[in-house]
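In what follows, a structure is listed as structure tokens, so that the remarks can point back to it.
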Amino acid sequence: MLMTAMLWLMACPGLGTGSGGGGVEDPTWVDDVEPLLVEHCATCHTSPAVGGAPSTFRLDRYVDEGDVAGAFSMADRIVARAVDFDPSQMPPGSAPALEASDQQTLVRWVETGAPELAAEEPQE
């Protein structure tokens, strides 16, 4: 599924992983993904779940909490549902689909291991 998302992004003019492709080059949960998911996904995928969303995961949290998975554990599925599978299905209803740059940010986040924070700069 991730490969499909990458091929789709690379086929779109102005997108892909090269320069000028939109999205964030090295996204992290704290700086890039959490705000995106809170804006577009966490209105339903939260606790308690809303609008028929499953209660087995939350997209307003990075880590798992008991039997409820957080965004880190759901990273591949986030891309599958919001980018790969059928972007028109998530978010549902009349909510707008994610912009291509936001989709690319999610794909890059998963590609880089779904980091929570930016890597520390080496001390000299």
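The values are calculated or read from the model by the stated rules, or taken from the named source; none is laboratory data. Here the structure is a predicted model, which is why all the values come from computation and not from measurement. We place every Cβ from the backbone using ideal geometry, glycine too, and count neighbours over all the protein chains shown.
List of remarks:
- For the range 83-104, residues that are among the polar types (S, T, N, Q) and modelled with pLDDT of 90 or more total 3.
- Neighbours by Cβ (under 8 Å, 6+ apart or cross-chain): first from the range 34-59, within 16 Å of Ala95 (Cβ to Cβ) and touching a residue at least 60 places away in the same chain (Cβ under 8 Å); second surrounded by fewer than 15 Cβ atoms within 10 Å (Cβ to Cβ) and of a type outside the set (D, E, K, R): His40/Ala95
- Residue among Glu39, Glu65, Glu25, Glu34 that alone is modelled with pLDDT under 90 and of a type in the set (D, E, K, R): Glu25
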